[in-house]
Amino acid sequence: MFSKETYVARREQLRKDVGHGLIIIQGNNEAPCNYTDNTYWFRQDSTFLYFFGIQREGLIGVLDCDSGQDILFGNDIDIDDIVWTGPLPSVKELGESVGVAHSGDIKALQQLCLKTVGEHRRIHYLPPYRSDNQRQISKLLGLKFNAVTRYASLDLIQACVKQRSIKSNEEIAEIEKAIATAYNMHVGAMKMAMPGRYEYELAGYMEGQARMGNGPVSFPVIMTIHGETLHNHSHNNRLETGRMLVMDAGCETSMNYCSDITRSVPVGGHFDERQRAIYGIVLAAQLATIRISRPGITYQEVQTEISKILAVGYKDLGILKGNVDDIVAAGAHSLMMPHGLGHMMGLDVHDMENYGQIYVGYDDETRPSEQFGLDSLRCGRKLEEGFVVTDEPGCYFIPALIDQWHAKGLHTDFINYDELDRWKDFGGIRIEDDILITQEGCRVLGKPIPKTIKEIEETMAS
Ligand code: GLY
Ligand code: MN
Ligand code: MN
């Protein structure tokens, strides 16, 4: 947990930005896995963590913008719980630990909500992403279950996005801690990526390393020799020489700040000629992102710029043809990269996407593109100092997509389908780092993880 003052200041800013009414910030509850008492690992809600920092289920934080009062609600445990959990601090003590002077039980929260509705004061809440919390809002505010999302507060969403988008130095330090653990996850797995091993062995190693850093993985590990499937979560394949292995994995710190790193390595440790060619193209694009990202440029513009580098590379290989600017304007290169360049990262690996990604990644000035590929860019807006975003270009030869585009005759002016057919067995490559936008440009966060062909081959040989 950060110091009490951090949470007090964040809440004060939030009350100021929202301006009026009552703000409800729900913590998470335990979630049953296969029966009630056998739960998934507990993950506190990130907004609750940001403003209250407490790792306990069943809590709700309330901020009264009109009176300036903050209140923590939750039911204290009794002796029937204590025999199973051991003694735990009371709700009042938890609140005091983060500078909240007032507390109450859930019944008191219900009464406060009724009173506030009676006073015709606005009650702000975020769109719940878990059904138990959606049910709780429905009950507290007397709303139909299905109406809850519709009445979520845009003012609150925007105030949260404004504050959480700019990472403080103490948040950056936490993210770099998560990347230090990701270094161990990735370097260890790279060394294991030898023929005869199975994907699940490397994925399991990574999960163990994440736990040794005192947190869980930040999303299910992607460890696959079929990297052409963008989020491939199966881990059953045996590693074979000649395949590229895509390893996309990160972890959370004990405070739930995240890392999200991708490395792609040749099984066995030596890049062959085709792997070298594609890897070089993706790496050039990944490094160009680092060179050009700075405050004032939109990430949409950065993706367009680095797409030109990808297109030049594919042209040199004979996969694409024609004028590079025209290729990119038409979106023909996106056949090999049907996703966006990156997303915000912080307390969530895709930071704040529970608010609705449009509010996080876009604004009135920058609207989402409708072009295939660029339309999947999660954060397209103007970069600002303090943003943490991922830089994750890739190249994928997706047989079903190639066949579909070919059958439809898409972009035949720019795509050499005969050449492309020869790459259908290649798989995919993605390279991902987490970058901090600084005053002049950007900085790759954390201890550098082997990334050039030379660094990867040397690491895998050691
Ligand atoms: N790990 C998913 C992503 O890179 O966005
Ligand atoms: Mn990733
Ligand atoms: Mn990512």
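The values are calculated or read from the model by the stated rules, or taken from the named source; none is laboratory data. Values in this document were obtained by computation on a predicted structure and should not be read as measured data. As a convention, Cβ positions derive from the backbone with ideal geometry for all residues, glycine included, and neighbour counts pool all protein chains shown. Calculation scope for accessible area: heavy atoms of the full protein, side chains included, ligands and nucleic acids excluded. Shrake-Rupley method; radii C 1.70, N 1.55, O 1.52, S 1.80 Å.
Computed quantities for the displayed model
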read-out: Members of the stretch 412-429 that are assigned to a loop (DSSP other than H, G, I, E, B), within 32 Å of the chain's Cα centre (by Cα) and not aromatic (Phe, Trp, Tyr); value: Lys424, Asp425, Gly427
read-out: Pair list, Cβ under 7 Å, 6 or more apart: the stretch 198-224 residue farther than 20 Å from Ala180 by Cβ, other residue within 16 Å of ligand 3 (Cβ to nearest atom) and open to solvent by 40 Å² or more (accessible area, probe 1.4 Å); value: Pro220/His233; Ile222/His231; Ile222/His233
read-out: From Met352, Met344, residue being touching a residue at least 24 places away in the same chain (Cβ under 8 Å), within 16 Å of ligand 2 (Cβ to nearest atom) and crowded, with 23+ Cβ neighbours inside 10 Å; value: Met344
read-out: Criterion violated by Tyr257 - all others in (1) within 30 Å of Ile54 (Cβ to Cβ); (2) open to solvent by 70 Å² or more (accessible area, probe 1.4 Å); (3) more than 12 Å from ligand 2 (Cβ to nearest atom) satisfied; value: (2)
read-out: Filtered residues of the stretch 309-337 (kept if open to solvent by 20 Å² or more (accessible area, probe 1.4 Å), in a loop (DSSP other than H, G, I, E, B) and touching a residue at least 24 places away in the same chain (Cβ under 8 Å)); value: Leu317, Gly318, Lys321, Gly322
read-out: Selected residue (only one of Met352, Met344, Met337 is in contact with a Cys (Cβ under 6 Å, 6 or more places away or on another chain) and at pLDDT 95 or above); value: Met344
read-out: Candidate set from the stretch 233-254 (those that are of a type outside the set (Lys, Arg) and under 23 Å from Gly313 (Cβ atoms)); member that is farthest from ligand 2 (Cβ to nearest atom); value: Gly242
read-out: Residue in the stretch 59-76 that is farther than 25 Å from Ser165 by Cα and part of a helix (DSSP H, G or I) present; value: no
read-out: Selection count, the stretch 287-308, where residues are crowded, with 23+ Cβ neighbours inside 10 Å, over 20 Å from Leu320 (Cα atoms) and not hydroxyl-bearing (Ser, Thr, Tyr); value: 1
read-out: Qualifying residue in the stretch 54-69 (condition: closer than 17 Å to Thr6 by Cα, in contact with a His (Cβ under 7 Å, 6 or more places away or on another chain) and polar (S, T, N, Q)); value: yes
read-out: Answer residue from the stretch 367-395, given it is open to solvent by 10 Å² or more (accessible area, probe 1.4 Å) and within 16 Å of ligand 2 (Cβ to nearest atom) and is farthest from Gly342 (Cα to Cα) among those; value: Ser376
read-out: Residue in the stretch 435-447 that is open to solvent by less than 60 Å² (accessible area, probe 1.4 Å), within 25 Å of Leu317 (Cβ to Cβ) and not in a helix (DSSP H, G or I) present; value: no
read-out: Hey, Tyr40 in contact with a Cys (Cβ under 9 Å, 6 or more places away or on another chain), without any contact (Cβ under 8 Å) to a residue 40 or more places away in the chain and either open to solvent by 30 Å² or more (accessible area, probe 1.4 Å) or over 25 Å from Glu12 (Cβ atoms) (or both) or not; value: yes
read-out: Meets criteria (open to solvent by 10 Å² or more (accessible area, probe 1.4 Å), touching a helix residue (DSSP H, G or I) at 6+ places or on another chain (Cβ under 7 Å) and within 16 Å of ligand 3 (Cβ to nearest atom)) for Val221; value: no
read-out: Leading residue by the ranking (most open to solvent (accessible area, probe 1.4 Å)) among those in the stretch 260-270 that are away from ligand 3 (no atom under 16 Å from the Cβ) and part of a loop (DSSP other than H, G, I, E, B); value: His270
